[in-house]
Each structure stands twice: as C-alpha cells, then as structure tokens.
Amino acid sequence: MRVLLVEDDLQLGESLEGALKLEHYAVDWLRSGEPVRATLSATPYDLLVLDLGLPGIAGLQVLRQLRADKHSLPVLLLTARNTLSDKVEGLDSGGDDYL
C-alpha cells in the first residue's frame, strides 16, 4: 500500500513515516500542501494522510481541490483540531475519516 503523508511538523512527520514504514507501507512525505496535486497526478496512492494546519495552502483547501478534481482517493485527516465543528467541516469537505 502506498501512502502520501502531508505533515509540516518535522517530529510528527518523522514518527508517522517511520511507523508506517515499519508496517511495510510505502510512504512519500510532503511538508506543505502546494505539491499535493502534482504529486497525486504523477504517482498513484492508496491513501492520503493529510494535516489541516499546513503552511501555504491549508489542508482543507487541499482536500476541497482534490474533491473538486474528482479524486476519489481515501483521505484521513490528521490534526490537533478536535471540536465538533472542525470534525464536521473536515468530513463535509470530503475527508473519509478524522483523527
């Protein structure tokens, strides 16, 4: 399974990438939202793990762009934002799950 991880926090990104690789996932890690669309156009992925608080293009904006482009890739939103309204917004924007 090939995973695209989009996380700007170095420590969290390294931990997630390492944990996923230990479970034998192929992981590509981006640290901002800008290259996500181009990366998804160039490489097929089975899952996108997307942080919401990214520099430049925010995670929700990335997600909305992908859904507007008709990408059906499953998206796991990974964020510290934990209010009910944050969760509803993330799922309503096209996220498949929210953690």
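The values are calculated or read from the model by the stated rules, or taken from the named source; none is laboratory data. Just so it is clear, the structure is predicted and the values come from calculations on it, not from any experiment. All Cβ positions, even for glycine, are placed from backbone atoms using ideal geometry, and neighbour counts span all protein chains on display. Each accessible area value is taken on the protein alone, full model and side chains, heavy atoms only, with ligands, DNA and RNA left out. Shrake-Rupley method; radii C 1.70, N 1.55, O 1.52, S 1.80 Å.
A few notes on this one:
- Any hit, region 14-26, residues being within 18 Å of residue 95 (Cα to Cα), at pLDDT 95 or above and not small (Gly, Ala, Ser): no
- Whichever residue in region 71-92 is in a helix (DSSP H, G or I) and closer than 22 Å to residue 9 by Cβ and, among such residues, is least open to solvent (accessible area, probe 1.4 Å): 90
- Hey, residue 78 of a type outside the set (Val, Ile, Thr) and modelled with pLDDT under 95 or not: yes
- Among the residues of region 27-53, those that are at pLDDT 95 or above and of a type in the set (A, V, I, L, M, F, W, C) comprise 27, 29, 30, 36, 38, 40, 42, 47, 48, 49, 50.
- Only one of the numbered conditions (1) open to solvent by less than 60 Å² (accessible area, probe 1.4 Å); (2) at pLDDT 95 or above is not met by residue 11, and that is (1).
- Top-ranked residue of region 46-67 - restricted to ones that are part of a loop (DSSP other than H, G, I, E, B) and open to solvent by less than 30 Å² (accessible area, probe 1.4 Å), ranked as farthest from residue 8 (Cα to Cα): 52
- Selection from region 26-43 of residues that are open to solvent by less than 80 Å² (accessible area, probe 1.4 Å) and either outside any helix (DSSP H, G or I) or on the phi > 0 side of the Ramachandran plot (or both): 26, 27, 28, 29, 30, 32, 33, 35, 43
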